[in-house]
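Scroll down for the structure; my scribbles are underneath it.
The values are calculated or read from the model by the stated rules, or taken from the named source; none is laboratory data. Only a predicted model underlies this, so the values are computations on that prediction, with no experimental measurement involved. Here the Cβ positions follow ideal geometry from the backbone for every residue, glycine too, while neighbour counts run over all protein chains shown. Side chains included, ligands, DNA and RNA excluded: accessible areas come from the protein's heavy atoms. Shrake-Rupley method; radii C 1.70, N 1.55, O 1.52, S 1.80 Å.
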Amino acid sequence: MAMDSQIEPRVFISCREIETVVCRLAARINEDYRGRKPILVAVLKGAFIFLADLIRHLDLQAEVEFVSLSSYGQSRGTSGKVEVVQGLCADIRGRDVLIVEDIVDTGLTTNFLLNYLKKQKPSSVKICSLTSKPSRRKLPVNIDYLGFEVPDKFIVGYGLDWDGKFRHLPDLCFIKEE
Ligand code: IMP
């Protein structure tokens, strides 16, 4: 990987487009969960900005939980091994759970999280992901609420990072190595 100074993020989905799509997703979630009190389980760290925007468009008594999972480390490749770094604090038994993800790439992390959550006997689990890279899938994932399908390129911004950097960018960007 090139040095930071040689990495130039290029916008491919603007913050305006993201806002429109987040509103649309929230409208569908409001409709589907009307009268219910879902627990949103956001996957750290990448989903924090998406969660913050999404929840402000929800007209529901939603609760929030965070989980931290390790999978990618600092490289572009995935080890294929997922571990819980920080698990749930809340009791989700009998509750409606909505996973909030930044990206579904190989699908390994989401499958692991689904199994982890299902063991705790929620009454339902659905998945909301800002982005998905279907061409990279190793395990199938049924994404109930999807923002954008993205090509097989590394993306940063709007919470997504490369090696801890670029999360602050308001748009979704490709990183181009010069
Ligand atoms: P998985 O391959 O679906 O298990 O995804 C594992 C994790 O890798 C995701 O939750 C992201 O944190 C990270 N990831 C995968 N693709 C990208 C990307 O293009 N940009 C930033 N992070 C990514």
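Each residue in the stretch 4-42 was checked for being farther than 15 Å from Ile155 by Cβ and open to solvent by less than 10 Å² (accessible area, probe 1.4 Å), and 10 pass. Looking only at the stretch 93-119, count how many residues are free of Cβ contacts under 8 Å to residues at least 60 places away in the same chain, hydrophobic (A, V, I, L, M, F, W, C) and either near the ligand (Cβ under 8 Å from one of its atoms) or in contact with a Phe, Trp or Tyr (Cβ under 8 Å, 6 or more places away or on another chain) (or both). Here the count works out to 4. Here the stretch 66-101 is the region considered, the condition is being modelled with pLDDT of 95 or more and open to solvent by 30 Å² or more (accessible area, probe 1.4 Å), and the residue that is nearest to Cys128 (Cα to Cα) is Phe66. Can you confirm whether Val104 is hydrophobic (A, V, I, L, M, F, W, C) and buried (at least 19 other Cβ atoms within 10 Å of the Cβ)? The answer is yes for Val104.
Taking (1) within 11 Å of the ligand (Cβ to nearest atom); (2) buried (at least 18 other Cβ atoms within 10 Å of the Cβ); (3) of a type outside the set (Val, Ile, Thr) in turn, Pro122 satisfies each apart from (1).
Condition test on Lys138, is it among the charged types (D, E, K, R), surrounded by fewer than 13 Cβ atoms within 10 Å (Cβ to Cβ) and either assigned to a strand (DSSP E or B) or near the ligand (Cβ under 9 Å from one of its atoms) (or both)? The answer is yes for Lys138.
Looking across the stretch 149-160, the residues that are more than 6 Å from the ligand (Cβ to nearest atom) and open to solvent by 20 Å² or more (accessible area, probe 1.4 Å) come down to Glu149, Pro151, Asp152, Lys153. For the stretch 5-118, which fully contained helices (runs of 4 or more DSSP H) count at least 3 residues that are hydroxyl-bearing (Ser, Thr, Tyr)? Where helices (runs of 4 or more DSSP H) fall fully within the stretch 5-118 and carry at least 3 residues being hydroxyl-bearing (Ser, Thr, Tyr), they are 108-118.
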